[in-house]
Amino acid sequence: MALRYALLASLYESPATGYELTRRFRERMGNVWNASHQQIYRELAKALDDGLVKVELVEQSGKPDRKVYHLADSGRAELGEWVNGFSPRPATRDPLLLKLFAGDLWSHDRLFEELSRYELDWQEELERYREIERDYFQDVQTLPRHYKLQYLALRRGIMATESWLAWAREVRDLCGASPEGS
């Protein structure tokens, strides 16, 4: 259900085609919500059926018409109700951290192999977030509140990723001396 609100929030910012929405999710909203191209189109169809979005067909010469999605008044109202409602914290389910509870079964080499893969992912994620920060949030203090709030969501992603990288260094410091972890 939350993908619906991610789509409505994106359309609240500005109308978009399905392709443009997919790009927004990948480039600007990745630290907040992940969704595949198929998931986005499936949810767009449901939102259209539910009257939450409208579609405008834009003619293109020699190509099929573009479908530009707009937030309908009912979509804005539903988004507003959701934004103003209480959101419980999501459940924590982290396989990497869970493995630590049976860590004696985890070989030293395998632990650090997996940790290295995670570190690479976190580093790439941090670089993507920094790129978004450079591209969209040059002078945050001068931005309208709407974009300041988006910036704060991005900052949370940056801080969380930096925290994971710091934690990985702590794992290496604490357990990296020898296979026994002494």
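The numbers here are math on the coordinates, done by the rules we state, and not lab data. Remember, predicted model here, so these are calculated numbers, not experimental data. All Cβ positions, glycine included, derive from the backbone under ideal geometry; neighbour counts span all protein chains shown.
In table form, for the structure just shown:
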quantity	calculated
Set of aspartates and glutamates with alpha-carbon distance to K148 below 15 Å, sequence-local pairs under 8 removed	E13, E133, D135, D139
Those lysines that a straight Cα-Cα span of less than 22 Å connects to K63, excepting residues fewer than 8 apart in one chain	K54
Additional length obtainable on full extension of the chain from H70 to W82, 0.36 nm per residue less Cα span	2.5 nm
Charge context of L7, other residues only, Cβ under 15 angstrom, K/R +1, D/E -1	+4
Sites matching trypsin sites (Lys or Arg not before Pro) across the range 90-146 that sit in DSSP coil, with at most 13 neighbouring C-beta atoms within 10 Å	R93
Rounded to the nearest 20 debye, dipole of the chain from Cβ charges on Lys, Arg, Asp, Glu	500
Charge tally in the Cβ shell below 10 Å around G51, where Lys, Arg are +1 and Asp, Glu are -1, G51 excluded	-3
Average Cα contact separation per residue, the chain, under 8 Å, 6 or more apart, as relative contact order %	20
Rough spin-label spacing in nm, given labels placed 7 Å along Cα→Cβ, for A160 and Q123	2.2
³J(HN,Hα), Karplus 6.51/-1.76/1.60, whole Hz, each residue of the range 16-27, x for Gly, Pro	7, 7, x, 4, 5, 5, 4, 5, 4, 4, 6, 8
³J(HN,Hα), Karplus 6.51/-1.76/1.60, whole Hz, each residue of the range 161-169, x for Gly, Pro	5, 4, 5, 4, 5, 5, 4, 4, 5
Two-site label geometry, H108 and D49: point separation in nm, points 7 Å out along Cα→Cβ	5.7
Under 11 Å, Cβ to Cβ, from M29 - net charge with Lys/Arg +1 and Asp/Glu -1	+2
K63-E20 FRET efficiency (beta carbon distance; Förster radius 25 Å; 0.05 resolution)	0.95
Ratio Rg/Rh, restricted to the chain and using Cα atoms, in which Rh is the Kirkwood radius	1.08
